[in-house]
Structure formats: structure tokens, C-alpha cells
Amino acid sequence: AQSVAQPEDQVNVAEGNPLTVKCTYSVSGNPYLFWYVQYPNRGLQFLLKYITGDNLVKGSYGFEAEFNKSQTSFHLKKPSALVSDSALYFCAVRVPYGNNRLAFGKGNQVVVIP
Amino acid sequence: DTEVTQTPKHLVMGMTNKKSLKCEQHMGHRAMYWYKQKAKKPPELMFVYSYEKLSINESVPSRFSPECPNSSLLNLHLHALQPEDSALYLCASSQEGRARNTGELFFGEGSRLTVL
């Protein structure tokens, strides 16, 4: 079965500092990996995905993520955090040729301090 | 702006009521999903429709009844709900409905349901 771990409950970062949200996965075979963001009282918004190819993936709003197969990780990063980045972030994994199930991590609350 | 539209945005219902949640997408996506989300928790998959056929039912109680009238519409019929069913109900769609689905999910803004 596929699973995703987001080890931290909350990430606090000062505005302008680098932001990292951690994600590790467990899946048989090659995974499809996704990051979503959820602002208060809103649906989930897609940020970026890794399917194959270059391990560094660039996404929306200046976010990027690096796929590391040996460490089974897919950490989300942003070089300079904005107050508006404060939100709930979910990592998710899907197994290729699977059953369309997307396994979500528990989520990380990111708080950017002005 | 999301291209998946959900109505109503808010719904309050009693335990004996019958109501429906509606979802619509016009992106030509062939898979549509219902998720339930409690506050600060990840979405929990309820149902998946692939090419207008129910492909996944995550052992959801029968008081929740999904319907996919056509490739653009998805409904969730609610009957005799319990207070613990109060949550944000999210609809989503993805381009491919079959096995090799590399596509991301597009989520609606959700319908916030309160059961009294």
C-alpha cells in the first residue's frame, strides 16, 4: 500500500527566509508525487508534481520540490517565504497503473511570521 | 479560480432531511471524486467515478449516495445523516480515468455541511 509521511505538524518561518516542508513516501515501484496547498475555507490547489525526468520540479507561486529516490523524499521548498504562503500543505502519492487512489499525508500548517 | 464548481457552499440539515450536493466540471475530465475533510485533516476519499462508472467506494455508509448523470456532473445525495457527518465535502476531477493517471486532481471549493 502507498503512504506518505509529513513528519512535522507545523512549520514556522520568518518572512523572507527559506521555507521547507518535508515529505517522505512509501510505495512499491515508481511513484507519482504531488503537493497541494489549502487556504482557510478553500479547496485544495495543485502546486506541482513529479512523474518522471528531472528530479527538481518547479511549480506555482515560486515553489519547487526535489525528488530523491534514495531517501524516498519529495520536500517542498521556497527560497523566500511570504506571509501569504501561510496555509495547510499536503503531500500526496499515487501508484502508476494503480486504482486512481491518491494517498495524502497528514498535512503541515505553515505559518510565515511577518 | 477553480474550474470545478460545487453547490451549495454551505448546507445545514437535520438528521431526517434529504439533500444533495452538486459538482460540475467542463474540462473534459473523465474521473470525478468525492472527498470528506474534517478541520485541519487530510481529505478522505469516499467515491471515484471513472468514465461515468463507480470505480471506488471506500466503504461509505449508505446514507451517502453518489450519482454521475454525465461526464460533467457529479452529485452526492444525503439522507438521514448524523452530526459526525458534518465536514467539508470536496469534489475533484482528473483528466484520465484509467490506470495510467499522471494527472493532478482539480478540486472545487467544497460544500460545508452541518448536520444538526
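Every read-out reported here was derived from the displayed coordinates using simple, explicitly stated rules and does not represent laboratory data. Keep in mind that this is a model prediction, so the values were computed, not measured. For neighbour counting, all protein chains shown are included, and Cβ atoms are generated from backbone atoms with ideal geometry for every residue, glycine included.
What to note about this one:
- Summing Cβ point charges (Lys, Arg +1; Asp, Glu -1) relative to the Cα centre of the stretch B:56-116 gives a dipole of roughly 100 debye.
- Fraction of alpha-carbon pairs over 34 Å apart in the protein assembly as shown - percent: 15
- Charged neighbours of B:His10, selected by a Cβ distance under 12 Å, balance to +2 (K, R count +1; D, E count -1).
- Unit charges on C-beta of K, R, D, E only; dipole of chain B, Debye: 260
- In this structure, B:Ala80 and A:Ser80 have a Cβ-Cβ separation that, at R0 = 35 Å, corresponds to a calculated FRET efficiency of about 0.10.
- Ordering of A:68-81, B:36-49 by packing is B:36-49, A:68-81, highest average first (other Cβ atoms within 10 Å, averaged per residue).
- Farthest towards the positive end of the charge dipole of the protein assembly as shown, among the residues B:Gln95, B:Leu116, B:Leu73, is the Cα of B:Leu116, using unit charges on the Cβ of Lys, Arg, Asp and Glu.
- For the residue pairs A:Lys49/B:Lys38; A:Lys49/A:Lys69; B:Lys19/B:Lys53, the C-alpha atoms sit more than 18 angstrom apart in A:Lys49/B:Lys38; B:Lys19/B:Lys53.
- Each label point was placed 7 Å from the Cα along the Cα-to-Cβ direction; for B:His10 and B:Gln95 their separation is 3.7 nm.
- Neighbour-limited loop hits for trypsin sites (Lys or Arg not before Pro), the stretch B:57-116 (at most 16 other Cβ within 10 Å; DSSP other than H, G, I, E, B): B:Arg63, B:Arg98, B:Arg100
- For chain B, the antiparallel share of DSSP beta bridges with both residues in that region comes to about 90%.
- Taking chain B and dividing mean pair separation by its residue count, relative contact order in percent (alpha carbons under 8 Å, at least six apart): 37
- Over chain A - Rg/Rh using Cα atoms and the Kirkwood inverse-distance radius: 0.96
- By the count of neighbouring beta-carbon atoms within 10 Å, fewest first, B:Lys18, A:Lys22 end up ordered B:Lys18, A:Lys22.
- Taking 4.7 Å between beta carbons as the limit, the unpaired Cys residues of the protein assembly as shown are B:Cys68.
- Selected from A:Phe67, A:Phe46, A:Phe34 as most flexible by GNM, with chain A as the system and alpha-carbon contacts under 10 Å: A:Phe46
- Under the convention that each Lys and Arg Cβ holds +1 and each Asp and Glu Cβ holds -1, the size of the dipole of the protein assembly as shown around its Cα centre is about 380 debye.
- Sorting the Cα pairs of the stretch B:23-116 by distance into bins of 10 Å, from 0 upward, gives 17, 51, 28, 4, 0 percent per bin.
- Summed residue charge, Cβ within 9 Å of B:Asp85's Cβ, Lys/Arg positive, Asp/Glu negative: +1
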